1. May I ask for the angle, rounded to the nearest 10°, between helix 180-194 and the longest principal axis of the chain, with both axes built from Cα atoms and the value confined to 0 to 90°?
2. Given the options Val147, Val12, Val37, state which has the largest fluctuation in a GNM of the chain using a 10 Å cut-off (strictly under) for Cα springs.
3. Of the residues Arg162, Arg187, Arg56, which exhibits the maximal mean-square fluctuation in a Gaussian network model of the chain defined by a 10 Å Cα contact cut-off?
4. Against the longest principal axis of the chain, how steep is helix 125-155, in degrees 0 to 90 to the nearest 10, with axes from Cα atoms?
5. By per-residue mean of other Cβ atoms within 10 Å, what is the highest-first order of 66-76, 83-93, 166-176?
6. In terms of the Cα gyration tensor, with a ≥ b ≥ c the square roots of its eigenvalues, is the range 75-132 rounded because a/c is under 1.5, prolate because a/b exceeds b/c, or oblate?
7. Can you count the Lys pairs in the chain whose Cα atoms are under 27 Å apart, with each pair 8 or more apart or on different chains?
8. At a threshold of 8 angstrom on Cα-Cα distance, excluding pairs fewer than six apart, so keeping six or more, what relative contact order does the range 6-194 reach in percent?
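Computed from the coordinates by the stated procedures, all read-outs in this text should not be read as laboratory data. Please read these numbers as outputs of a predicted model, since none were measured by experiment. When we count neighbours, we look across all protein chains shown, and the Cβ atoms used for this are built from the backbone with ideal geometry, even at glycine.
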Amino acid sequence: MDFADKVLADLVARMRALESEIESRIAERRTRFHYAVERNRIRFEHDFLAAHRAFRQGLWQQLRHSPLPFILVSPVIYSLIVPLALLDLFLALYQALCFPVYGIRRVPRSEFIVIDSVPLAYLNPLEKLNCLYCSYANGLIALAREVAAHTEEFWCPIKRSRPIRAPHSRYVHFVDYGDAEGYRRHREQLRDHAKVPDDPPPKA
C-alpha cells in the first residue's frame with residue numbers, strides 16, 4: 001500500500017514470510033504421520049490407522065479417570081453452543097446483507113472452521129465430540145474477528161492509543177491515533193483496501 005509506512009510495510013512482509021516458513025515446517029512434519037487429503041477427506045495409511053486404534057482410550061475409562069469438577073462444569077461448556085450458533089447465523093446474515101453494500105468480499109468460512117477430528121482413530125467418541133466442538137468454536141471466533149477486522153478497516157481504521165495484544169490482520173494498516181490529517185487523506189484508500197481479502201493461507 002502506497003500510504004503505509006515503508007519500514008512498517010517491510011516488517012509486515014517479513015512477518016508474512018516467517019508465517020509461511022512456519023507453515024512449511026509444519027507441513028513437513030505432517031508427512032511423518034502418513035495421511036493424505038483427498039477432496040477434503042482425510043485418509044490414513046492402513047498400518048497407521050491400526051496403530052491409532054491401539055492408543056484409543058475407552059469412553060468409560062476416560063469418564064472414570066476424569067476429575068469430578070471437570071464433569072460437573074461440562075454442561076456450562078456445552079451450553080455455549082447456543083450463543084456460538086447464533087453468532088454463526090448472524091455472521092452469515094451480516095456478510096450476506098452488508099458486505100455487498102460496502103463492496104467487501106465475503107470472508108471464506110472454510111478457511112477458519114476446519115472439522116477434522118472424525119478420522120482420528122485414537123480418539124473415542126467423547127474426545128471426537130470435544131475436538132469437533134473446540135474446532136468449531138475457535139474457528140468461528142477467528143472468522144468473527146476477521147469479519148470485524150474488515151468492517152473496522154472500512155469504517156474506523158484508527159489504531160488504539162496504547163499497545164494492544166495480538167491485533168487483527170488489518171490493524172497494521174490503520175492510521176495512527178491522533179493523526180487527523182492522515183485519517184482524512186487515507187480513509188478512502190483504506191476503504192478500498194478493506195474490500196480486498198488477505199492472501200490465502202499457505203498450502204500444506
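1. Relative to the chain, helix 180-194 is tipped by roughly 50 degrees.
2. Highest fluctuation among the options: Val37.
3. Largest GNM mean-square fluctuation: Arg162.
4. Compared with the principal axis, the helix lies near 0 degrees.
5. Details: 66-76: 9.3, 83-93: 13.0, 166-176: 15.9.
Ranking the peptides 66-76, 83-93, 166-176 by packing returns 166-176, 83-93, 66-76.
6. Numbers: a/c = 5.98, a/b = 1.92, b/c = 3.11.
Taking the square roots of the gyration eigenvalues as a ≥ b ≥ c, the range 75-132 is oblate.
7. Numbers: Lys6/Lys159; Lys6/Lys195; Lys128/Lys203; Lys159/Lys195; Lys195/Lys203.
Lysine pair count for the chain: 5.
8. It comes to 18 percent, rounded to a whole number.
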